[in-house]
């Protein structure tokens, strides 16, 4: 029963859509036909205005040329070659200025005596045009206009002619020919098919070349004889366009059917009669434009309607499902309430346990962070402990010197040798400054670091490391080679934490070469893209696979008892991670191990973070 109901619903829906499509098609098509007609009218006004402007532009020029003294003198004495050359040159210059195809003057017999194209092979000079209607009208004393195919140039043009008068008597005719190809070229971008027909219905201007010299109506024998006598069009090209007109139901527009190779094409056509020239201007757009837009609009409307119906169907089905769910929910509610009471107690207990566990985890995280910082500090103190013996020796030397200088100063004072006593006191001050500088470096290195990461110069870091580890290197006869370290490089790090990393790596390198007579620790730098590689190389036995895998693990060490906690590399690893960098270890091809610290390169030097 439900299936039958659904099928009937969809049949009703399909019927509604078909009815809407049927009744809406006609109204929608009329709307788009009116839009096409409005587009045609707009194009029609522009084209008619352009044609009318061309006629008004050139029509007065023939009268002005006919009044020129040089033209009248030429017609009075056509044999005067100097006068002929003068008029030829004048006509050529004027034709270039006004963009005319040709300008020429004819005598009473229609013979051309001067022309702007006098240099061309197809010059009009010596040709007779008394068969042209524009000549016959002008020789009678009136201005004339005429469209025809040129008998010499075989190019279409529009002719303007005016009589050259001596008093009240015509002595010749001046004519101007204007080409139409540029006008037709402008029509190509309009999107419409445009053509102009003369009073006989012959198309002489068109946006489609295949329509030229086609007739909208069958030509009578009299019309053909008249065209042949005036040589207006090529008789062999005249044919019927098979142009049929029918009502369109749209104001000022008709349906025009034009025969094509495999059938016919229907246009929506608008036309305008130009009484000054006797022409009829036609503008046409394919009817398929309106049909396609109509079908598109109806298809969109149908899709929207289907979408709305689908949404409505979805809502109705969802509503029905919701009603069923509510009923099922009411039944389940009773069971749920029983279970809720049972689970509430369990949840309360679990919540208490979870709250306690979260508190313990937070406390553990805080303790872990504190322990990590303490380990870093312990690592520093361990380094300081290793260097204590060398530092004691380093401090004993200036202390001994200070004592000696003090005793000498006392002796000089007893002997009243003030200048020598002053020099000894100066030496004592220098020794005290040296001890204070060493103590300052150790104090800065030993204190807990700030967490800020800023721009740090490698030269500054290395200088601090040398001041701290110098005594140990001296006591163990170890050379620190940093000739290939670019101390101008600036990296993103913390100054004293980076010193701790470099100290750990150099101390490990010294430990690895304990059996060499003249150990050398090499510190160098490389630029790798937007990073700086700070490398420390020793000349020891290198790293085996087992050591390489556990090298950065906490409390892992290859040293003997009481020689290290195994935290130096682990702490260094964490510090470099905090800088956003990385630390790696590998064997050098020439022997020994190389530890590489990769840090971000910075553009400019800033105050280093501790």
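Quick rundown of the values:
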| item | result |
| --- | --- |
| Fewest-first ranking of 523, 323, using other Cβ atoms within 10 Å as the exposure measure | 323, 523 |
| Potential lengthening between residue 452 and residue 305 on full extension [0.36 nm per residue; Cα-Cα distance subtracted] | 46.6 nm |
| Stokes-Einstein D in µm²/s, Kirkwood radius over Cα pairs - region 451-610 at 4 °C with 1.567 mPa s viscosity | 81 µm²/s |
| Relative contact order (%) - region 67-179, alpha-carbon pairs under 8 angstrom, separation at least six | 24 percent |
| In nm, spacing of pseudo-spin labels at residue 76 and residue 64 (7 Å Cα→C-beta vector) | 2.4 nm |
| Inter-label distance for residue 418 and residue 86, nm, one decimal - labels placed 7 Å from Cα along Cα-to-Cβ | 12.1 nm |
| Stretch gain in nm, segment residue 185-residue 526, where the contour uses 0.36 nm per residue and the Cα spacing is subtracted | 115.9 nm |
| Relative contact order (%) - region 169-234, alpha-carbon pairs under 8 angstrom, separation at least six | 19 percent |
| FRET efficiency, residue 577 to residue 432 (Cβ-Cβ, R0 60 Å, nearest 0.05) | 0.90 |
| Order of 412, 104 - criterion: other Cβ atoms within 10 Å of each residue's Cβ, fewest first | 412, 104 |
| Order of 106, 274, 205, 513 under a 10 Å beta carbon neighbour criterion, fewest first | 274, 513, 205, 106 |
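Bear in mind these aren't lab numbers, they're just calculated from the coordinates by the rules spelled out. Just so it is clear, the model here is predicted, and its values are computed rather than measured. When we count neighbours, we look across all protein chains shown, and the Cβ atoms used for this are built from the backbone with ideal geometry, even at glycine.
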